[in-house]
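This report concerns only the one structure given below.
The values are calculated or read from the model by the stated rules, or taken from the named source; none is laboratory data. Source: prediction; values computed, not measured. Neighbour counts run over all protein chains shown; Cβ positions are idealised from the backbone, glycine included. Calculation scope for accessible area: heavy atoms of the full protein, side chains included, ligands and nucleic acids excluded. Shrake-Rupley method; radii C 1.70, N 1.55, O 1.52, S 1.80 Å.
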Amino acid sequence: GVPRVPVSNGRDVVRSDAKGRYKLEVTDETIIFITKPSGYMVPVSDDQLPQFYYLHFPNGSPVDTHFPGVQPTGPLPDSVDFPLIKSKERSNFKAVVFADPQTRNFGELEDFRTDVVDELIGTDASFGLTVGDIVNDPLDLFEPHNEIVATIGIPWWNLPGNHDMNLDVPDDTHATETYKRVYGPTNYSADYGEVH
């Protein structure tokens with residue numbers, strides 16, 4: 001295990017002990033996640049999305065939405081572990097940041113691929129980050145968007161914007177059910193090199 005890694009349930013933050021163990025309170029509809037420590041990387045999905053969290057939604061998303069939320073995960077396992085892979089990180093590095101790609105349809109996704117993404121393939125950036133409005137309301141575009149961004153070939157972190165929300169919910173409490181299904185927690189942190 002890796003010591004002193006911050007682990008959160010979205011309310012509390014604890015650090016792993018000398019053997020990498022931690023204890024956190026977990027209720028239904030909890031996302032457990034780590035802060036990626038410097039000098040390590042988490043696995044990424046086929047779409048280059050960092051896998052640094054565990055969704056605990058035993059009954060799935062508590063509201064029905066037009067765009068699907070989190071599917072039932074069943075009971076909490078005895079241990080929720082996060083693989084960390086040693087990684088060389090420079091103190092001086094590059095990152096690619098997108099703000100508001102905000103595509104509305106497949107045609108705009110193709111424009112996004114041609115005008116933005118294709119020019120970034122082969123970049124020497126260490127990672128990428130989209131800081132909101134990944135799409136412009138049609139949340140079924142998350143997956144094709146991710147496939148396109150994955151062609152850049154670097155781990156890609158995401159944050160939600162106001163156009164990445166389920167609009168057919170009674171209040172903000174469950175406005176990011178689809179986002180959570182695809183990307184995990186809506187608030188998190190990571191360390192890279194000497195940067196938090």
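For beta carbons closer than 7 Å, sequence separation of 6+ or different chains, a first residue in segment 94-106 that is closer than 24 Å to E194 by Cβ and a second that is in a helix (DSSP H, G or I) and open to solvent by less than 50 Å² (accessible area, probe 1.4 Å), the qualifying pairs are V96/L120.
Return yes or no: is P83 open to solvent by less than 70 Å² (accessible area, probe 1.4 Å) and under 23 Å from V195 (Cα atoms)?
no
Any idea how many residues of segment 1-34 are at pLDDT 95 or above, within 26 Å of T173 (Cα to Cα) and of a type in the set (S, T, N, Q)? Residues flagged as at pLDDT 95 or above, within 26 Å of T173 (Cα to Cα) and of a type in the set (S, T, N, Q) within segment 1-34 amount to 3.
Exactly one residue among D133, D164 is surrounded by 21 or more Cβ atoms within 10 Å (Cβ to Cβ) and of a type in the set (D, E, K, R), and that residue is D164. With respect to the conditions (1) over 30 Å from D171 (Cα atoms); (2) in contact with a strand residue (DSSP E or B) (Cβ under 9 Å, 6 or more places away or on another chain), S79 falls short on a single one, namely (2). Exactly one residue out of R11, R113 is of a type outside the set (A, V, I, L, M), outside any loop (DSSP other than H, G, I, E, B) and open to solvent by 30 Å² or more (accessible area, probe 1.4 Å), and it is R113. Being in contact with a Ser or Thr (Cβ under 9 Å, 6 or more places away or on another chain) and either within 30 Å of Y40 (Cβ to Cβ) or touching a residue at least 60 places away in the same chain (Cβ under 8 Å) (or both) is the filter here, so list the residues in segment 107-119 that pass it. Residue satisfying the conditions is V117 alone.
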